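The values are calculated or read from the model by the stated rules, or taken from the named source; none is laboratory data. What you see is a predicted model, and the numbers here were worked out from it, not measured in a lab. For neighbour counting, all protein chains shown are included, and Cβ atoms are generated from backbone atoms with ideal geometry for every residue, glycine included. We work out accessible area using only protein heavy atoms, side chains counted, and drop any ligands, DNA or RNA first. Shrake-Rupley method; radii C 1.70, N 1.55, O 1.52, S 1.80 Å.
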Amino acid sequence: MKDTSHHDERFATMTFASVYPHYVTKIERKGRTKKELHQVIEWLTGFNEKELQELITNQATFDHFFQKAKLNPNADKIKGVICGYRVEEITNPLTQQVRWLDKLVDELAKGKKMEKILRES
């Protein structure tokens, strides 16, 4: 298990709005749509389009973002490595949640089928 303590505080204060454009760029460059990205974000967090836009406009930190989220009960099925960390082994809840979102965006960009990304099988 790798130590993520050097990321924990940074993720708590980082705004979702600062990362969101990078998510959009990443998935659009690979031929996926913003609608699909929003579907993935809504699956994980419960935020609809309007709520997501409010969080972006209000410069919500990831800490605030995930405090307000209604995490999908299947979120713990998100497994694998992102940025050198195995997401299921991350002990800080906020860091794990941010990495879950990163992992879903990565899977979307890599062309995985939506059913697989949303852990429907």
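At-a-glance table
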item: Charge context of residue 94, other residues only, Cβ under 11 angstrom, K/R +1, D/E -1; result: -1
item: Formal net charge of residues neighbouring residue 63 (Cβ-Cβ distance under 13 Å; K, R +1; D, E -1); result: 0
item: Surrounding net charge for residue 82, when Lys and Arg each add one and Asp and Glu each subtract one, Cβ distance under 9 Å; result: +1
item: Projected label distance in nm at residue 57 and residue 71, using a 7 Å step from Cα toward the beta-carbon; result: 2.8 nm
item: Sites residue 39 and residue 79 - FRET efficiency at Förster radius 30 Å, r taken between beta-carbons, to 0.05; result: 0.90
item: Computed [θ] at 222 nm, deg cm²/dmol, the chain (DSSP H ≥ 4; -39,500 (n - 2.57); rounded to nearest 500); result: -17500 deg cm²/dmol
item: Solvent accessible area, Å² - residue 14, 1.4 Å probe, full protein context; result: 50 Å²
